[in-house]
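The values are calculated or read from the model by the stated rules, or taken from the named source; none is laboratory data. A quick note: this is a predicted structure, and the numbers were derived from the prediction, not measured. Here the Cβ positions follow ideal geometry from the backbone for every residue, glycine too, while neighbour counts run over all protein chains shown.
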Amino acid sequence: MHYFFLKGESLVSGAEVNLASRDINHAFKVLRLRPGDNLVIADGLGLAREGEVVISTSSEVLVRLGSKLPNSESPLNITLFQSLTKGDKMDLIVRQAVELGVNRIVPFKSERSIPQRNEKQDQKRIERWCSKVRSAAAQCRRAYLPDVEPVSSFKHILPRIGNVKAFVPWEREKAVSLAGLLKQPCPTGKAVFLFVGPEGGFEKSEIEALQEAGAEAVHLGPRVLRTETAAAAAIALVQSAWGDLAGEGVNV
């Protein structure tokens, strides 16, 4: 079924709601939804319901809400801190992170980040990434829309670590593996921070600053991964050990 979001709306069984204006043209002209067709409406906060189209015109698509759908969210609260990348790699990182179940994405500028743009350009990219979040969440049937924060500086993300379990994949770390650390019990708060560097990797001074703030430097295996691969691999490892990718036997 087709999937739509009404972020923050109160979705009550039996109620009738209108699709967001941004979705009406797509639903009516592209998908050709008509009265009696079924779809899904999610509130972006974790709740999704089946729905049936009642009215479908070029200016209004009214949907009657039905049964609540099962929750597909991970028990973990994962935040991905991703250093800015060149080209459209960030689009891929955002999409994969959403599919793998992250709750928040924090783009930031590190020493080797290549696109050093101004605030106006950063805002346009945030808007694009939020659009990627919405389409990825619909594709993988998530009722929760992960947040994409404004682009931050490296020094401003350090104080956020606090007591949260935080990992930073680093190609020069050879002794400590992320997979090995994940054999420990899941942290009580079920919150995990992942810090992923840009194409050229983190500077040693940045790794030291992250460690001093409380993050643990780890490796993801014997091969050096691209930044977009490292982000997806790290999220998948955490979800497999402590989240919902492992099925039975999760180490909690």
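Within segment 110-121, is even one residue assigned to a helix (DSSP H, G or I) and of a type in the set (S, T, Y)?
Residues of segment 110-121 assigned to a helix (DSSP H, G or I): 119-121.
Keeping just the survivors that are of a type in the set (S, T, Y) gives none.
No.
Residues are listed down the side, and each one gets a yes or a no for (1) without any contact (Cβ under 8 Å) to a residue 12 or more places away in the chain; (2) closer than 26 Å to L158 by Cβ; (3) buried (at least 20 other Cβ atoms within 10 Å of the Cβ):
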| site | (1), (2), (3) |
| --- | --- |
| G36 | no, no, no |
| L45 | no, no, no |
| A48 | no, no, yes |
| T79 | no, yes, yes |
| I93 | no, yes, yes |
| I105 | no, yes, yes |
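Return the only residue of E212, E206 being outside any loop (DSSP other than H, G, I, E, B), surrounded by fewer than 20 Cβ atoms within 10 Å (Cβ to Cβ) and over 20 Å from the mean Cα position of the chain (by Cα).
E212
At pLDDT below 95 and of a type outside the set (D, E), is that true of S67?
It is false that S67 is at pLDDT below 95 and of a type outside the set (D, E).
Being of a type in the set (A, V, I, L, M, F, W, C) and surrounded by 20 or more Cβ atoms within 10 Å (Cβ to Cβ) is the filter here; which residues of segment 107-128 pass it? Steps first, please.
Going residue by residue through segment 107-128, those that are of a type in the set (A, V, I, L, M, F, W, C) are 108, 114, 126.
Within segment 107-128, F108 is the sole residue that qualifies.
Please go through segment 96-133 and give me each residue that is over 27 Å from I207 (Cβ atoms) and not hydrophobic (A, V, I, L, M, F, W, C), ordered by number.
Matches in segment 96-133: E99, N118, E119, K120, Q121, Q123, K124, E127, R128, S131, K132.
One line per residue, one yes/no per condition, for (1) among the basic types (K, R); (2) modelled with pLDDT of 95 or more:
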position	(1), (2)
R125	yes, no
S153	no, no
V168	no, yes
P187	no, no
